[in-house]
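For reference, the structure discussed in these notes is given below.
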Amino acid sequence: MKQIVIAGIGTGIGKTFIASILTEALEADYWKPIQAGNLHFTDTDFVKKHVSNKRSFFHSEAYRLSQPMSPHAAAEIDGISIELSKLDIPETTNNLIIELAGGLMVPLNRNELNIHLLEQWKLPVILVIQNYLGSINHSLLSVELLLNRGIPILGIIFNGERNKMTESFIENYTKLNCIAKIEMLDKVDEHTVAYYANQFKEIFKIH
């Protein structure tokens with residue numbers, strides 16, 4: 001079974017959309033360990049709404065935090081502390097897509113970061129990149145960090161408005177597999193997710 005972590009070079013770059021596509025393509029389970037804010041419509045709710053297959057199971061978050069901010073700060077406001085020991089991968093016989101909360105160096109508590117969670121899991125990562133001023137720096141730092149910590153990188157996905165010069169530099173410098181380049185979309189619905197999921201099935205050789 002495939003178990004893949006969706007990470008990003010920052011926050012708000014479309015990780016949940018990409019996670020929806022992969023969940024649909026692999027007919028995988030989905031898990032967002034930490035949800036910070038937006039509890040009325042969580043990232044799990046978003047993926048569930050946009051996935052059409054009947055096989056996917058949506059695992060409950062380990063932590064549901066009331067404030068849309070860094071998990072360590074949101075948890076402190078809610079009077080709790082995030083413990084990595086409570087973030088064990090859910091048991092399933094299905095493929096599993098895991099979406100991180102924020103970037104790799106986002107703090108989960110006063111001493112531990114998302115990167116420590118990835119070291120604990122030892123699962124391959126797909127790094128989601130969005131083009132913006134500074135994205136080359138953020139992308140290369142993220143790749144360097146993952147490689148230095150011995151975390152396998154399955155590939156990168158560019159999401160959003162195209163920038164050929166930026167994308168070409170990141171691909172050539174990192175030598176990583178570019179899994180896909182998802183165009184900027186005016187509307188996202190289950191048909192959009194299904195369209196890209198069919199392409200991902202070919203990429204991951206799923207029949």
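Each reported figure results from applying straightforward, stated rules to the coordinates on display, with no laboratory input. None of the values given here were measured: they were computed from a predicted structure. Note that each Cβ is placed from the backbone with ideal geometry, even for glycine, and that neighbours are counted across all protein chains shown.
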Subject >> Unique match (being closer than 21 Å to GLU61 by Cβ, touching a residue at least 40 places away in the same chain (Cβ under 8 Å), under 18 Å from the mean Cα position of the chain (by Cα) and buried (at least 17 other Cβ atoms within 10 Å of the Cβ)) among ALA101, ALA197 >> reply: ALA101
Original post:
List, please: which pairs have Cβ atoms under 7 Å, are six or more places apart or on different chains, and start with a residue in the range 31-56 that is closer than 17 Å to ILE6 by Cα and end with one that is aromatic (Phe, Trp, Tyr) and assigned to a loop (DSSP other than H, G, I, E, B)?
Top reply: none
Original post:
Which residues, counting only those in the range 12-45, are surrounded by fewer than 18 Cβ atoms within 10 Å (Cβ to Cβ) and either under 10 Å from the mean Cα position of the chain (by Cα) or part of a helix (DSSP H, G or I) (or both)?
Top reply: ASP45
Original post:
Being part of a helix (DSSP H, G or I), surrounded by fewer than 21 Cβ atoms within 10 Å (Cβ to Cβ) and in contact with a strand residue (DSSP E or B) (Cβ under 8 Å, 6 or more places away or on another chain), is that true of even one residue in the range 47-55?
Top reply: yes
Original post:
How many of the residues in the range 124-179 are crowded, with 16+ Cβ neighbours inside 10 Å, hydroxyl-bearing (Ser, Thr, Tyr) and either outside any helix (DSSP H, G or I) or under 16 Å from the mean Cα position of the chain (by Cα) (or both)?
Top reply: 2
Original post:
Does the range 78-88 hold any residues that are hydrophobic (A, V, I, L, M, F, W, C), closer than 18 Å to GLU99 by Cβ and assigned to a loop (DSSP other than H, G, I, E, B), and which are they?
Top reply: ILE82, LEU87
**OP:** Determine which single condition SER52 fails, assuming it passes every other condition in (1) in contact with a helix residue (DSSP H, G or I) (Cβ under 7 Å, 6 or more places away or on another chain); (2) farther than 14 Å from LEU22 by Cα; (3) small (Gly, Ala, Ser).
**Re:** (2)
**OP:** Could you list all residues from the range 58-77 that are part of a loop (DSSP other than H, G, I, E, B) and exposed (fewer than 15 other Cβ atoms within 10 Å of the Cβ)?
**Re:** SER60, SER66, PRO68
